[in-house]
Amino acid sequence: MPAMSTEELHILLVCGDNARLSPLAAGLLARHAHDVGLALRVASAGLVDDEQPFDQSVMWILKNRSITFDRGTSQPLDDRLVNGADLILTMTWQQAADVTAQFPHSSVFAIGYFGSALPARPDTLDTASWLDSLRNFPDAQAAEGRWDIKDPAGKPESAYLELEVKLDHLIRRIVAKLGNGEATATEPNVVRR
């Protein structure tokens, strides 16, 4: 796939409480993007307003991959984060619908649907045009919840490890769809706000 523009792409990962799924996905996305030289700025947020610490199992997984955050607590989705994002990826179709209803002019997709069902960027389109074209792509399969990422809250450690494998595979597919760009100027293993 040809290189995308050297302009940094801003991706926001969103889940319900920003304590497990979106921080893990953001960390993996930042790592894999850096590994292939893709210029991304990655952040995560939650749909609920209360601040809470990141889940310890998620922090353990990220630490084992040498991925760190510049914060250890959740942050709520807000106008600043949404307006700064070129692409918003949620963990479920319902979350994508909720974010789209609140921010109708944003490019919002369920992460599983984006990584598994949507076509890769064609050589003829820059990233911004490609993302705009995807907003009109049929999403009937996503509505069924087929692509949803399930929250492992309250489940044993093995559920978190299964989630890590599933998200890792999905994130690699997303990075491949986005294409290779210039290396980021920020430290590769730190996810910024």
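The values are calculated or read from the model by the stated rules, or taken from the named source; none is laboratory data. None of the values given here were measured: they were computed from a predicted structure. Neighbour counts run over all protein chains shown; Cβ positions are idealised from the backbone, glycine included. SASA here: full protein model, heavy atoms, side chains in, ligands and nucleic acids out. Shrake-Rupley method; radii C 1.70, N 1.55, O 1.52, S 1.80 Å.
Worth a mention:
- Of all residue pairs spaced 6 or more apart or on separate chains, those with beta-carbon atoms under 6 Å, a first member in the range 154-173 that is closer than 15 Å to Asp55 by Cβ and a second member that is assigned to a loop (DSSP other than H, G, I, E, B) are Ala159/Pro152; Tyr160/Pro152; Leu163/Pro152.
- Selection status of Ala85, touching a residue at least 24 places away in the same chain (Cβ under 8 Å), over 24 Å from Leu163 (Cα atoms) and touching a His at 6+ places or on another chain (Cβ under 8 Å): yes
- Screening Ser66, Ser22, Ser44, Ser74 for residues that are under 25 Å from Val165 (Cβ atoms), open to solvent by 20 Å² or more (accessible area, probe 1.4 Å), of a type in the set (Gly, Ala, Ser) and touching a residue at least 24 places away in the same chain (Cβ under 8 Å) leaves exactly one candidate, Ser66.
- For Ala120, the requirement of being hydrophobic (A, V, I, L, M, F, W, C), surrounded by fewer than 14 Cβ atoms within 10 Å (Cβ to Cβ) and modelled with pLDDT under 90 is met.
- In the range 87-117, of all residues being under 15 Å from Leu9 (Cβ atoms) and of a type in the set (Ser, Thr, Tyr), the one that is surrounded by the fewest Cβ atoms within 10 Å (Cβ to Cβ) corresponds to Ser106.
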